[in-house]
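Contents: one structure, followed by commentary.
The values are calculated or read from the model by the stated rules, or taken from the named source; none is laboratory data. Here the structure is a predicted model, which is why all the values come from computation and not from measurement. When we count neighbours, we look across all protein chains shown, and the Cβ atoms used for this are built from the backbone with ideal geometry, even at glycine. For accessibility, only protein heavy atoms count, side chains too; no ligands or nucleic acids. Shrake-Rupley method; radii C 1.70, N 1.55, O 1.52, S 1.80 Å.
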Amino acid sequence: MKKWRVVLASVLVLLLSVSVFLSGCSSKTKQESTQPQTTTQEAKNKNFKVGLVTDVGGINDHSFNQMAYEGLQRAAKELGVTVNVIQSKQMTDYVPNLTNFAQQGYNLIIAVGFMMHDAIEEVSQKFPDTKFMIIDSEVTDRPNVSSAMFKTEQCGYLVGAMAGLMEKEKAGKVKGTNVIGVVGGMQIPPVDSYIAGYQQGAKAVNPDVKVIVNYTNNFNDPAAGKQMALTEISQGAEIIFQVAGGTGDGVIKAAQEKNVYAIGVDADQSYLAPDNVLTSAMKRVDVATFDIIKDTLNGNFKSGIVYFDLKNDGVGIGKVNKDVPQSIVDKVNQLAQDIKDGKITISDKVSK
């Protein structure tokens, strides 16, 4: 009987050893099967190259070029793709800069801004196997071009309503001249859609408000922006909406000097002058850039127009100045909801 007990114990020890061995092998096999898969995906993402070509404003414009750059950097960090940037110094750089990336075999090439429309049309035709994205311009006849378009008349409407209400209630620094202004860059659709919304929003809440509109005809001349803003301030404007890219930095400085309000554009520009920036009309170029990079990486590239609006957080307003009464904030938030619900229709055409 004792002999059988010894035999039985030996068998149990042997079975336990075999079980542990097989478990270890299974675990090792599992590790070995998943590790190459992860490495392969990382290598695939790293080999996916994205090139971004700015317009003449450059990535330090505190505006849409900077936002596109931030979206690009987010893609590099979160998706592991390889990214590169070429900053255009003049408009004649657009075609060669886009061509440079295409010749190097980049998978997706991003053109920042309406002014690059003709360049994208030309280069995308020469490189039909390369995918392109353009911001703020409609290209609908190329299967390899995705156009990110923004309903900026919606956020323009909201900041216009805020400006109109501030004048109506003589809130904060506002003395009640009932005059507000706009300094635009170039008279092109992406600029005018903001201005059109601003005009309509202000008039909707304050029908008697006067809206002064001027253009500097550039996006990279802060001195010109400042001078234009000072002129509008001398005409009674107490709130000035800058829709001029880097030129708009001068508008904000003028507002600081004269202790009136400016409204930022594209990005949240409250940090440039916390006491004088009322809010910002935001175009989430960073979101559009990241989303289209991600979709293209995953094989879901969509040619034609991709719209970004209040409903999908493609546009909105930035940080609101502490001088703005909560009652005005609440009214603006309700207007935003009404726009989302289709109760308010906004034109993208500027009133003369």
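Of all DSSP bridge pairs formed entirely within the chain, close to 5 percent run antiparallel. Here is the result for the stretch 262-326: no chymotrypsin sites (Phe, Trp or Tyr not before Pro) lie in DSSP coil with at most 15 other C-beta atoms within 10 angstrom of their C-beta. For the stretch 38-187, what class follows from the C-alpha gyration tensor (a ≥ b ≥ c being the square roots of its eigenvalues): rounded when a/c is under 1.5, otherwise prolate if a/b is larger than b/c, else oblate? In terms of gyration-tensor shape, prolate.
For the chain, adding -39500 (n - 2.57) for each run of n ≥ 4 DSSP H residues and dividing by the number of residues yields -16000 deg cm²/dmol at 222 nm.
What is the gain in length, in nm to one decimal, between THR40 and GLN103 on full extension, counting 0.36 nm per residue of separation less the C-alpha to C-alpha distance?
Result for the pair: 20.1 nm of gain on full extension.
Here the stretch 74-177 has 45 percent of its accessible surface on carbon and sulfur atoms, given a 1.4 Å probe and all protein chains in place.
Find the accessible area per residue for the chain; the probe is 1.4 Å, ligands and nucleic acids are left out, and the unit is Å².
That works out to 47 Å² per residue.
Between THR82 and ASN218, the FRET efficiency estimated from the beta carbon spacing at R0 = 41 angstrom works out to 0.80. Globularity index of the stretch 244-322 is 1.37 (Cα radius of gyration / 2.2 N^0.38 Å, N = number of residues).
THR39 contributes an accessible area of around 70 Å² to the protein surface, as traced by a 1.4 Å probe with all chains present. Projected label points at THR92 and GLU169, each 7 Å from Cα along the beta carbon direction, are separated by 5.3 nanometres. Placing unit charges on each Cβ (+1 for Lys and Arg, -1 for Asp and Glu) gives the stretch 280-352 a dipole about its Cα centre, and among GLN337, SER347, VAL285 the Cα reaching farthest toward its positive end belongs to SER347. How many percent of Cα pairs in the stretch 151-230 exceed 21 Å? Result for the distance tail: 30 percent. With viscosity 1.002 mPa s and temperature 20 °C, the Kirkwood radius over alpha carbon pairs of the stretch 206-352 converts through Stokes-Einstein to a diffusion coefficient of 126 µm²/s.
Could you give the angle, 0 to 90 degrees to the nearest 10, between helix 248-258's Cα long axis and the longest principal axis of the Cα atoms of the chain? Relative to the chain, helix 248-258 is tipped by roughly 50 degrees.
For the stretch 188-270, relative contact order (Cα pairs under 8 Å, six or more residues apart, normalised by length) works out to 26 percent. Dividing the convex hull volume of the alpha-carbon atoms in the chain by its residue count gives 193 Å³ per residue. The value of relative contact order for the chain, using C-alpha pairs under 8 Å at least six residues apart, is 17 percent. An ellipsoid equivalent to the stretch 105-168, defined through the eigenvalues of its Cα gyration tensor, has semi-axes of 35, 9, 9 Å when rounded to whole angstrom and sorted largest first.
What is the ratio of the Cα radius of gyration of the stretch 214-268 to 2.2 N^0.38 Å, with N the residue count, to two decimals?
0.96
With the contact rule set at Cα under 8 Å and sequence spacing of 6 or more, what percent relative contact order holds for the stretch 232-352?
On the way: 147 pairs, mean separation 22.6, N = 121.
Here the relative contact order equals 19 percent.
In terms of distances greater than 19 angstrom between alpha carbons, the cross-link table entries LYS210/LYS352; LYS151/LYS253; LYS89/LYS226; LYS46/LYS294; LYS311/LYS349; LYS170/LYS331 yield LYS151/LYS253; LYS89/LYS226; LYS311/LYS349. One way to sum up the overall shape of the stretch 146-291 is the equivalent ellipsoid from its Cα gyration tensor, whose semi-axes run 22, 17, 14 Å, largest first.
For the stretch 69-126, the ratio of Cα radius of gyration to the globular rule of thumb 2.2 N^0.38 Å stands at 1.16.
Listed peptides 192-202, 219-229 appear in the order 192-202, 219-229 once ranked by packing, highest mean of other Cβ atoms within 10 Å at the front.
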